[in-house]
Amino acid sequence: MKNVLIINAHQYYPFSEGKLNAALVDKAITQLEGKGYQTHVVTMEQEFDVEKELEHHQWADFILLQTPINWMGVPWSFKKYMDEIYTAGMGGALCNGDGRHESNPKANYGRGGTLSDTKYMMSLTFNAPAESFDNTSEFFDGKSIDDLLFPMHMNFKFFGMTPMPTFACFDVMKNADVESDFTRFENHLNSHF
């Protein structure tokens, strides 16, 4: 049986209650458990035990990060989670320091990850429309969603994880198409799990 750690990184705001991210998490649980995967969910509202969170990361064969994109990045509460949990994991649980050694301190930065058998997938919700990406005449100057999320990809790479294709829902506040998003999400999960 394979294990999936699902991180719901949504940060509550009165104008953004997190219903879509929660619904996507619920869909992922139902679909993945229906395929025989075991799941564990962590949310940013709960209190964290650092050691237990490190154990969850070590237990997982897959990590599914479900997050809105706020101000071109992940919410502050997930950044706090990373600062506390991921920093604590640098002693071997997630990586062996930054991968460098005293004998050659200029080489192998970021190559100390201990989760090389773990894959990760990001599922993102954007206020921005899909058309604002991959288009040099739009806001993101031709950049893709993965270009925008490059720092998150590097965080997971730091632990030795392998990326899976990113999923995204667009224009979720002004022009949402939730039923289509749910169908695309289910198809995405079926294609990669």
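Key figures for this structure:
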item: Candidate set: the stretch 42-65, residues that are open to solvent by less than 10 Å² (accessible area, probe 1.4 Å) and touching a Leu at 6+ places or on another chain (Cβ under 8 Å); chosen: the one nearest to LYS79 (Cα to Cα); result: VAL42
item: Leading residue by the ranking (farthest from LYS157 (Cα to Cα)) among those in the stretch 20-41 that are open to solvent by 40 Å² or more (accessible area, probe 1.4 Å) and of a type in the set (S, T, N, Q); result: THR30
item: Enumeration of residues in the stretch 6-18 that are within 20 Å of TYR81 (Cα to Cα) and either in contact with a Ser or Thr (Cβ under 8 Å, 6 or more places away or on another chain) or part of a loop (DSSP other than H, G, I, E, B) (or both); result: ILE6, ILE7, ASN8, ALA9, HIS10, GLN11, TYR12, GLU17, GLY18
item: Residue tally, condition among the hydroxyl-bearing types (Ser, Thr, Tyr) and in contact with a helix residue (DSSP H, G or I) (Cβ under 8 Å, 6 or more places away or on another chain), over the stretch 34-60; result: 1
item: Among (1) within 30 Å of ALA176 (Cα to Cα); (2) touching a residue at least 12 places away in the same chain (Cβ under 8 Å); (3) in a loop (DSSP other than H, G, I, E, B), the one test that GLN46 misses; result: (2)
item: Helices (runs of 4 or more DSSP H) enclosed by the stretch 78-193 - at least 2 residues per element that are touching a Gly at 6+ places or on another chain (Cβ under 8 Å) and open to solvent by 50 Å² or more (accessible area, probe 1.4 Å); result: 150-158
item: Condition check for GLY112: modelled with pLDDT under 95, touching a strand residue (DSSP E or B) at 6+ places or on another chain (Cβ under 7 Å) and not polar (S, T, N, Q); result: yes
item: Residue among ALA176, ALA168, ALA128 that is in contact with a helix residue (DSSP H, G or I) (Cβ under 6 Å, 6 or more places away or on another chain) and in contact (Cβ under 8 Å) with a residue 24 or more places away in the chain; result: ALA168
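The values are calculated or read from the model by the stated rules, or taken from the named source; none is laboratory data. Since the structure is predicted, the reported quantities are computational estimates derived from the model, not experimental observations. Cβ coordinates were reconstructed from backbone atoms using ideal geometry, including for glycine residues, and neighbour counts include every protein chain displayed. Please note that ligands, DNA and RNA were not included when accessible areas were found on the heavy atoms of the full protein model with its side chains. Shrake-Rupley method; radii C 1.70, N 1.55, O 1.52, S 1.80 Å.
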